[in-house]
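Report on one structure; see the data block that follows.
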Amino acid sequence: MTPRLAEEAINSRLTCLPIESLPLTQCVGGTLRENVYAERDQPPFDRVTMDGIAVESGTLRRGIKRFRIQATQAAGAPPLKLETGDLAIEVMTGAMLPVGCDCVIPVEQIEVADGYANLNAAVVSTPYHNIHRRGADGRQGALLLEAGTLLRAPEIAVAASAGMARVRVSSQPAVMVVSTGDELIEPGEPIADYQVRRSNAYAVAATLRKRGFGRIGDDHVLDDENMLRERLALHLTTHEVVVLSGGVSMGKFDLVPKVLLQLGVQEVFHKIAQRPGKPMWFGVGPSGQAVFGLPGNPVSTLLCLIRYVIPAVAAAMGTRRELPERLALAAPVTVQPALTYFLPVAIEADDWGRPWALPRPPNGSGDFLSLAGTDGFVELPPGPNTYPKGFVASVYRW
Ligand code: AMP
Ligand code: MG
């Protein structure tokens with residue numbers, strides 16, 4: 001099972017998450033699940049783009065340089081009408097172009113005195129100068145945003161411009177993060193020599209929160225078959241996604257695959273041809289729950305979470321797949337085993353501001369201290385091979 005096949009196996013098993021309608025203010029980071037169409041032409045009227053005066057361009061072309069100001073047209077006011085061609089209407093940026101005018105002369109090119117505007121010699125008399133014409137950016141009814149679009153600030157602005165107070169988005173999945181292991185102790189609690197801190201659960205939750213997931217549960221289970229079965233049975237009834245860390249290797253106390261099978265979670269695969277993170281397990285629960293058994297070694301946990309779990313959940317939310325970022329290696333890397341190699345990197349700019357992936361190999365998959373200060377990891381093809389400086393690889397950021 002290669003990473004690519006593992007990814008496909010996961011995505012083909014996931015069921016699409018339900019849809020809910022949310023106020024626009026709560027939608028950032030969400031996935032749009034309906035098309036958004038233009039409410040009106042954009043701009044909806046001939047929009048003045050400069051503070052100044054609006055006139056009729058034909059009058060300018062006849063050489064007239066002095067206009068009596070008839071009135072003022074502000075943004076947000078219904079359109080005034082130019083009474084005669086030799087008059088001007090003072091206009092503000094964002095105002096509707098007054099009826100009878102087809103040209104705006106910026107305030108910098110005129111002098112106003114005693115109710116008259118005197119024009120500089122250099123004014124341009126082309127029709128629709130300094131006017132953003134109705135429908136120039138888009139027509140009423142045009143498709144503005146497609147279902148599957150990730151809602152960031154520009155897309156939120158577009159939805160707001162289409163008059164949508166609420167939009168239909170994917171519901172957030174309830175994700176249960178379960179760490180396993182008798183040796184693990186919560187930060188803040190006293191700890192013995194033979195115990196280690198339960199850091200994975202924090203890294204997993206932090207990754208999920210950073211990506212906008214808000215419904216995250218946390219549990220810790222000992223390496224005890226009955227306890228594991230009882231707790232996982234409960235989590236499977238209340239969560240669409242369960243992310244386990246630890247307990248999926250070959251040890252006597254690696255009970256996770258066995259217990260999941262007992263609970264009717266169907267194994268899709270166990271093990272991926274990759275380093276680190278080889279023992280990764282994935283299965284699907286009786287009602288379509290996605291269950292990820294991530295290896296417990298902290299580097300493996302984080303890499304597998306980012307490489308597989310995050311994109312899979314995004315796909316289940318209906319988000320269109322984004323290609324991973326690609327960067328060049330800043331130094332050669334030798335890969336010995338015939339396994340895909342995930343290598344932590346720091347992204348650094350050269351003297352021209354171009355980003356490079358600087359290898360930061362950890363001291364094995366248990367060495368998560370070395371991850372602090374890195375930016376993510378690159379995915380390198382299986383060895384044996386030496387990938388030179390400049391070799392371009394997919395990058396996954398923390
Ligand atoms: P396992 O996959 O359960 O065999 O765990 C592999 C290694 O990762 C062991 O050294 C564990 O102590 C360590 N480990 C497992 N879970 C965690 C965790 N939540 N936080 C930190 N280390 C962990
Ligand atoms: Mg364990």
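Of the strands (runs of 3 or more DSSP E) contained entirely in the stretch 112-228, those carrying at least 3 residues that are under 22 Å from the mean Cα position of the chain (by Cα) fall at 143-145, 166-170, 175-180. Confirm whether residue 69 is at pLDDT 95 or above, β-branched (Val, Ile, Thr), assigned to a helix (DSSP H, G or I) and open to solvent by less than 40 Å² (accessible area, probe 1.4 Å). No, not satisfied. Out of (1) out of contact with any strand residue (DSSP E or B) (no Cβ under 7 Å at 6 or more places or on another chain); (2) farther than 19 Å from residue 304 by Cβ; (3) in contact (Cβ under 8 Å) with a residue 60 or more places away in the chain, the odd one out for residue 365 is which? Residue 365 satisfies all of (1) out of contact with any strand residue (DSSP E or B) (no Cβ under 7 Å at 6 or more places or on another chain); (2) farther than 19 Å from residue 304 by Cβ; (3) in contact (Cβ under 8 Å) with a residue 60 or more places away in the chain except (2). For the condition under 30 Å from residue 59 (Cβ atoms), modelled with pLDDT of 95 or more and either away from ligand 2 (no atom under 16 Å from the Cβ) or not assigned by TED's automatic domain parsing to the domain that holds residue 93 (or both), residue 133 qualifies. Condition (residue is modelled with pLDDT of 95 or more, crowded, with 17+ Cβ neighbours inside 10 Å and within 16 Å of ligand 1 (Cβ to nearest atom)) applied to the stretch 155-169: is it met by at least one residue? No; the residues of the stretch 155-169 include none that is modelled with pLDDT of 95 or more, crowded, with 17+ Cβ neighbours inside 10 Å and within 16 Å of ligand 1 (Cβ to nearest atom).
Tell me, yes or no, whether the stretch 236-243 has at least one residue that is touching a strand residue (DSSP E or B) at 6+ places or on another chain (Cβ under 8 Å), part of a helix (DSSP H, G or I) and more than 13 Å from ligand 2 (Cβ to nearest atom). Checked against the condition, which is being touching a strand residue (DSSP E or B) at 6+ places or on another chain (Cβ under 8 Å), part of a helix (DSSP H, G or I) and more than 13 Å from ligand 2 (Cβ to nearest atom), the stretch 236-243 yields at least one hit.
Pick from 369, 358, 380: which is more than 16 Å from ligand 2 (Cβ to nearest atom) and open to solvent by less than 30 Å² (accessible area, probe 1.4 Å)?
On the way: 369 fails: open to solvent by less than 30 Å² (accessible area, probe 1.4 Å); 358 fails: open to solvent by less than 30 Å² (accessible area, probe 1.4 Å).
One residue alone meets the criteria, 380.
For the stretch 23-41, indicate whether the set of residues that are in a loop (DSSP other than H, G, I, E, B) and free of Cβ contacts under 8 Å to residues at least 12 places away in the same chain is non-empty.
Within the stretch 23-41, the subset in a loop (DSSP other than H, G, I, E, B) is 27-30, 33-35, 38-41.
Okay, now just the ones that are also free of Cβ contacts under 8 Å to residues at least 12 places away in the same chain, so none.
Within the stretch 23-41, not a single residue is in a loop (DSSP other than H, G, I, E, B) and free of Cβ contacts under 8 Å to residues at least 12 places away in the same chain.
For (1) away from ligand 1 (no atom under 14 Å from the Cβ); (2) free of Cβ contacts under 8 Å to residues at least 40 places away in the same chain; (3) touching a helix residue (DSSP H, G or I) at 6+ places or on another chain (Cβ under 7 Å), each residue gets a yes or a no:
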{"site": "246", "(1), (2), (3)": "no, no, no"}
{"site": "269", "(1), (2), (3)": "yes, no, yes"}
{"site": "276", "(1), (2), (3)": "no, no, yes"}
{"site": "282", "(1), (2), (3)": "yes, no, yes"}
{"site": "288", "(1), (2), (3)": "yes, no, no"}
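Does any residue of the stretch 219-234 turn out to be more than 13 Å from ligand 2 (Cβ to nearest atom) and either aromatic (Phe, Trp, Tyr) or closer than 30 Å to residue 149 by Cα (or both)? No, the stretch 219-234 has no match at all. Restricting attention to the stretch 220-228, does a residue exist that is in contact (Cβ under 8 Å) with a residue 40 or more places away in the chain, within 30 Å of residue 376 (Cβ to Cβ) and not acidic (Asp, Glu)? Yes, some residue in the stretch 220-228 is in contact (Cβ under 8 Å) with a residue 40 or more places away in the chain, within 30 Å of residue 376 (Cβ to Cβ) and not acidic (Asp, Glu).
Within the bounds of the stretch 236-255, is there any residue that is among the acidic types (Asp, Glu) and either crowded, with 22+ Cβ neighbours inside 10 Å or not assigned by TED's automatic domain parsing to the domain that holds residue 204 (or both)? Can you show your working first?
Start the filter on the stretch 236-255 by keeping residues that are among the acidic types (Asp, Glu), which leaves 240, 254.
Pick out the ones that are also either crowded, with 22+ Cβ neighbours inside 10 Å or not assigned by TED's automatic domain parsing to the domain that holds residue 204 (or both) and you get 240.
Among the residues of the stretch 236-255, at least one is among the acidic types (Asp, Glu) and either crowded, with 22+ Cβ neighbours inside 10 Å or not assigned by TED's automatic domain parsing to the domain that holds residue 204 (or both), which makes the answer yes.
Taken over the stretch 17-33, the criterion of being in contact with a Gly (Cβ under 6 Å, 6 or more places away or on another chain) and either open to solvent by 20 Å² or more (accessible area, probe 1.4 Å) or under 15 Å from residue 157 (Cβ atoms) (or both) is satisfied by 29, 33.
Taking each residue of the stretch 327-341 that is more than 8 Å from residue 380 (Cβ to Cβ) and looking for partners that are part of a strand (DSSP E or B) and of a type in the set (Asp, Glu) with beta-carbon atoms closer than 8 Å, six or more apart or interchain, yields 330/348.
Determine whether residue 175 is farther than 22 Å from residue 248 by Cα, surrounded by 15 or more Cβ atoms within 10 Å (Cβ to Cβ) and away from ligand 2 (no atom under 16 Å from the Cβ). Give the steps one after another, and end with the answer.
On the way: farther than 22 Å from residue 248 by Cα: no; surrounded by 15 or more Cβ atoms within 10 Å (Cβ to Cβ): yes; away from ligand 2 (no atom under 16 Å from the Cβ): yes.
When the stated conditions are applied, residue 175 does not pass them.
Looking only at strands (runs of 3 or more DSSP E) that lie completely in the stretch 278-378, which have at least 3 residues being aliphatic (A, V, I, L, M)? Once the strands (runs of 3 or more DSSP E) in the stretch 278-378 are filtered for at least 3 residues that are aliphatic (A, V, I, L, M), what remains is 290-294, 340-349.
Just checking, which of 215, 231 is in contact with a strand residue (DSSP E or B) (Cβ under 6 Å, 6 or more places away or on another chain), open to solvent by 50 Å² or more (accessible area, probe 1.4 Å) and more than 9 Å from ligand 1 (Cβ to nearest atom)?
Details: 215 fails: in contact with a strand residue (DSSP E or B) (Cβ under 6 Å, 6 or more places away or on another chain).
Going through 215, 231 in turn, the sole match is 231.
The values are calculated or read from the model by the stated rules, or taken from the named source; none is laboratory data. This structure is a prediction, so every number in the text was calculated from the model and none was measured. Reconstructed Cβ throughout: ideal geometry from the backbone, glycine too, with neighbour counts over all protein chains shown. The protein model used for the area step is the full one, side chains on, heavy atoms only, and it has no ligands, DNA or RNA in it. Shrake-Rupley method; radii C 1.70, N 1.55, O 1.52, S 1.80 Å.
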